[in-house]
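Notes to accompany the following structure.
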Amino acid sequence: MVKQRTLKSLVRTVGIGLHSGAKVELVLRPAAPDTGIVYRRTDVEPPVDIRATAEAVVDVRMATTVGRDGVIVGTVEHLSSALAGLGIDNCYVDVDAPEIPIMDGSAASFVFLIQSAGIAEQNAPRRFLRVKKAIEVVDGDKWVKLEPHFGFKLRFSIDFNHPAIDATAQAVEVDLAEEPFVQSVARARTFGFVNEVEALRAMGLALGGSFENAIVMDEYRVLNTDGLRSGDEFAKHKLLDAMGDLYVVGMPIIGAYSAHKGGHALNNRLLRELLADAEAFEVVSFEEPSTAPRAHLQPALAA
């Protein structure tokens, strides 16, 4: 059978919170089958566990935030994307602050942590959410959609009307059956604009933002001395975010995701609308790996 997966060992790191600017310790720990991804705030007494679900998302401004009983963990999308991309079903995410550290602004640091810990198969069937009919959420000229597809592929298009972004690829498509997450998506960094950063800092936000953890632009150009990592990094990062946002559903998705100018809010609305329609999805497992979608076997093949 296609089995659930967790970490082989505990792994920890320290980083900076994007919004607080404070030091944050992050610990990833193995978890038993059927645990899911559980964010644990260790700095409150007693510690509070927040299981990742679509309903646990409590804030989608600037990032995806999960919460329970007034306790939150913010900026989960990059780590969530890495967990999805490497096929981790069960993991405790201990954090001693209200947000996941931003690291380098991509999922690459979290990929390194997970690979350093090692990945272990568990004696329990992996559950998948298979999309059975198209679900779409529209907000003006922005939209996101999930459609039936025996695999997992994502397409994202952007439109920022900015010289530096317009000079790069405006649309990307990744079929994870053909392009492993680590090589195709993980290194794309978040990005922002100098004037927005100044406004956010005036509000006490983005205090940890820097050239070390984001692509920063003025009105005309990228200010980072090392430039872009790829010619499609802007669109690829939005796709990376979408993978993380979708994985809060608690299981890998069998389907095709597409979006134009989408974001955290629309992604969460999409999940909630999907789950609200019992005819739009089913939960499935696979007794034989040969019958499962290759897109979700890639992480196991690479491990």
One finds the C-alpha centres of the range 235-285 and the range 101-151 to be spaced, in Å, by 8 Å
Taking R0 as 25 Å and r as the Cβ-Cβ distance between residue 211 and residue 14, the FRET efficiency 1/(1 + (r/R0)^6), rounded to the nearest 0.05, comes to 0.80
In nanometres, the difference between 0.36 nm per residue of separation and the alpha-carbon distance of residue 159 and residue 194 is 10.8 nm
Taking only C-alpha positions in the range 6-95, Rg and Dmax in angstrom work out to 12.5, 35
Residue 162 neighbourhood, Cβ < 12 Å, K/R = +1, D/E = -1, net charge -4
Computed D for the range 60-137, Stokes-Einstein, Kirkwood radius over alpha-carbon pairs, 10 °C, 1.306 mPa s, to the nearest µm² per second, is 108 µm²/s
Distance in nm between residue 294 and residue 22 label points, each 7 Å along Cα→Cβ, equals 4.8 nm
For the pair residue 278 and residue 53, the simple spin-label estimate (label points 7 Å beyond Cα toward Cβ) gives in nm 1.7 nm
Of every hundred units of 1.4 Å-probe accessible area on the chain, the number belonging to carbon and sulfur atoms, as a percent, is 51 percent
Checked against a 32 Å limit on the C-alpha separation, the offending pairs among 23/153; 8/132; 8/133; 8/236; 23/133; 8/153 are 23/153; 8/132; 8/133; 23/133
Taking only the Cα positions of the range 23-152, the convex hull volume per residue in Å³ is 141 Å³
Result for the chain: accessible area per residue, probe 1.4 angstrom, in square angstrom, of 43 Å²
D (µm²/s, integer) via Stokes-Einstein for the chain, Kirkwood Rh across alpha-carbon pairs, 10 °C, 1.306 mPa s: value 82 µm²/s
For the range 106-211, the Cα gyration tensor yields equivalent-ellipsoid semi-axes (√(5λ), largest first, whole Å) of 30, 23, 15
Between residue 141 and residue 115, the two model label points (7 Å from Cα along the beta-carbon direction) sit apart by a distance in nm of 3.9 nm
Residues other than residue 106 with Cβ under 14 Å of its Cβ, Lys/Arg counted +1 and Asp/Glu -1, net out at -2
Place a point 7 Å from the Cα of residue 179 in the direction of its beta carbon; the residues of the range 227-245 whose amide N falls under 20 Å from it are 228-245
Asserting the computed 222 nm helical MRE of the chain (DSSP H runs at least 4 long, -39500 (n - 2.57) per run, divided by residue count, to nearest 500) equals -6500 deg cm²/dmol
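The values are calculated or read from the model by the stated rules, or taken from the named source; none is laboratory data. Note that the structure is a prediction, hence the values are computed from the model and not measured. So basically every Cβ, Gly included, is an ideal-geometry build from the backbone, and we count neighbours across all protein chains shown. The protein model used for the area step is the full one, side chains on, heavy atoms only, and it has no ligands, DNA or RNA in it. Shrake-Rupley method; radii C 1.70, N 1.55, O 1.52, S 1.80 Å.
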